[in-house]
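In what follows, a structure is listed as C-alpha cells, so that the remarks can point back to it.
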Amino acid sequence: MIVKKELLQAYLDKHEMTAATLAREMGIDEKEIQTLLNGGAASEATARRFIYHLGADEAVKLIDWAAIGKQNPLS
C-alpha cells in the first residue's frame, strides 16, 4: 500500500499525532509509518492494520490508488 503522504501528514496534524503515536496505536513499528510518510510502500500486514485502525472510509481517502495501479473500490 502507498498513501498520499501529504494527506497522511495532514491526518496526523489534524489529530495532533506523531508517526510514533500512530504506529503505537496500530501496533506496528514506527519505521512503517515513516516509510509511508516518505512515499514508500507498506507491507500487507501494515496496510491491513492501517485500514482497520483508520476505518475504510478514512483510509480510502489516503491511499494513492494510482500509485498502486488499482481503482478506488469505493468510487
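Measure nothing but the geometry: give the 0 to 90° angle between the long axis through the Cα atoms of 5-14 and the longest principal axis through the Cα atoms of the chain, rounded to 10°.
50
Below 15 angstrom from the Cβ of LYS70, what's the summed charge of the other residues (Lys, Arg +1; Asp, Glu -1)? Show your work: numbers first, answer last.
Values: positive: LYS4, LYS61; negative: GLU44, ASP64.
Taking every other residue near LYS70 into account, the sum is 0.
Can you pull a Stokes-Einstein diffusion coefficient for the chain at 4 °C (1.567 mPa s), Rh from Kirkwood over Cα pairs, as a whole number of µm²/s? Provide the component values of the computation, followed by the final result.
Working: Rh = 12.2 Å.
For the chosen part, D equals 106 µm²/s.
Can you compute the charge dipole magnitude of the chain about its Cα centre, using +1 on each Lys and Arg Cβ and -1 on each Asp and Glu Cβ, nothing else charged? Give it in debye, rounded to the nearest 20. Walk me through the intermediate numbers first.
Details: 9 positive and 11 negative charges, 35 e Å.
Once rounded to the nearest 20, the dipole reads 180 debye.
Treating only the Cβ of Lys, Arg, Asp and Glu as charged (+1, +1, -1, -1), what charge dipole size does the range 22-63 show about its Cα centre? Round to the nearest 20 debye.
20
Net charge near THR21: determine it from the other residues with C-beta under 14 Å of the C-beta of THR21, scoring Lys and Arg +1 and Asp and Glu -1.
Once all neighbours under 14 Å are counted, the net charge is -4.
So what is the accessible area of the chain per residue, in Å², with the probe set to 1.4 Å?
It amounts to 63 Å² per residue over the chain.
How much of the accessible area of the chain, probe 1.4 Å, is carbon plus sulfur, in whole percent?
Ligands and nucleic acids excluded, carbon and sulfur give 49 percent.
Which distance in nm do the two modelled labels at MET17 and ALA66 give, with both placed 7 Å along the Cα-to-Cβ direction?
2.6
Please tell me the relative contact order of the chain in percent, rounded to the nearest whole number, where contacts are Cα pairs under 8 Å and at least six residues apart.
It rounds to 41 percent for the chain.
In the range 15-75, which trypsin sites (Lys or Arg not before Pro) are in a loop and have at most 12 other Cβ atoms within 10 Å, using DSSP for the loop call?
Loop-located and lightly packed - LYS70.
Hey, which lysines would be in cross-link range of LYS31, C-alpha to C-alpha under 16 Å, not counting anything within fewer than 8 residues on its own chain?
Straight-distance partners of LYS31: LYS5.
The values are calculated or read from the model by the stated rules, or taken from the named source; none is laboratory data. Note that the structure is a prediction, hence the values are computed from the model and not measured. A quick note on method: Cβ atoms are made from the backbone with ideal geometry, for glycine too, and the neighbour counts reach across all protein chains shown. Just the protein is used for accessible areas: all its heavy atoms, side chains included, with ligands, DNA and RNA removed. Shrake-Rupley method; radii C 1.70, N 1.55, O 1.52, S 1.80 Å.
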